[in-house]
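Just below is one structure, and these are the notes that go with it.
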Amino acid sequence: MNEFILLVAGLLGGAVNTLAGGGSFIVFPALLAVGVPPVLANASNTYAALPGYASGAFGLWSHIVKYRDRLAGYSIVGAIFGYAGAELLLRVSNAQFSFAVPWLMLFAVVLFVFGTRITAFVSARAGTGRRAKVAGAMVLVALLGGISIYGGFFNAGLGILLLAFLVLAGIDDLHAANGLKLWISAVIAIVAVIRFAISGSIDWYHGTIALLGVTTGGYVAARLAHHIPTRVIRWLVIVYGAGLTAYFFWKTYA
C-alpha cells in the first residue's frame, strides 16, 4: 500500500511540476505519510526531484548555452551553498525539523501564490541594480548563495526564488531563465543528494518509488500539456498547499 501511495504521489507531483510547479507539496507529505522520518523524507524528496531538474535543463540546453559565461559561476555558488544547506539539514533533529516544516511550507506556498508578482516586482527594479557593477555583483552572489542554502535545506519553492534571482541578474529570456533555473536546481540537488547519501539520510527504497513516479508523471504531463489548463492546476495546487500547511500547523502546535 505504501508503494502505491508513493507511486501515485510521484506521478501527480511530476505532472504538477511540469504543468505549474509545486510537486514537492505532494511528494514530501506522501513520504511522511508512509512513515519516513521528517529529515529523511525531505532528503528523499530532493533525490526524487533530481531527474526532473536534470532532464528539464537538458531539454532547454539550447537556451541555456546563450548564457554559458555565467554557468560556471552559478554552478560554483549553487554547489557550495547548496551543500551548506544540506549540511544544515543534517544538523537538526527530526523533532526540530518537524517544528520548522509548517513555516517552511507556509513560505513555499506564499512563494507559489505570489511568484509571478515577485518576479515582476524584481524585473521592474532590476535595471537600477545593475548600474553599480561591483556592489550589484556582490549582492547577486549573496542572494544566490542564500537561495542555494534554502534549496539544499528544503526544496519546495526553490524554482520561484531562482526565477526572481535570474530576472534580477538581467536574464529576460523566459526560456533561458527556466533552463538556468533547472540547471542551478540540478546542481543544488546533486550536491545535496551526495551529502545526504554519504550520511545515510536518504530512504532509497521509498525515495526511488517516488522518483519513478515523478519522472513518469513529468514526461506524461509534458506530452499532454496542451490539453490541460495550467491555471486550473495552479489553483488546485494553491488550495491543496494551503490546506496542507494548515494541517501541519495544527498537527505540530495544537
State the percent of C-alpha pairs, over all pairs in region 1-90, separated by a distance greater than 21 angstrom. 44 percent
Restricting attention to the alpha-carbon atoms of region 201-254, what are Rg (one decimal) and Dmax (integer), both in Å? 15.4, 43
Cα Rg, Dmax, region 2-253, angstrom units: 17.3, 54
So which residue, out of ALA54, ALA108, ALA142, gets the largest mean-square fluctuation from a GNM of the chain using Cα contacts under 10 Å as springs? ALA142
Phi angles of region 54-61, converted by Karplus (6.51 cos²θ - 1.76 cosθ + 1.60, θ = phi - 60°) into ³J(HN,Hα) in whole Hz with x for Gly and Pro, give 5, 5, x, 5, 4, x, 9, 4
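Quick one: length gained pulling ARG68 to ALA254 fully straight, 0.36 nm per residue minus the C-alpha distance? Show your work: numbers first, answer last.
Working: separation 186, 0.36 × 186 = 66.96 nm, distance 5.00 nm.
Difference between extended and current length: 62.0 nm.
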Between helix 204-224 and the chain, what is the angle of the helix's C-alpha long axis to the longest principal axis, kept within 0 to 90° and rounded to the nearest 10? 60 degrees
Report the per residue volume, in Å³, of the convex hull enclosing the C-alpha atoms of region 128-249. 160 Å³
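Throughout, read-outs are computed from the coordinates displayed, never taken from laboratory work. Since we're looking at a predicted model, the values are computed, not measured.
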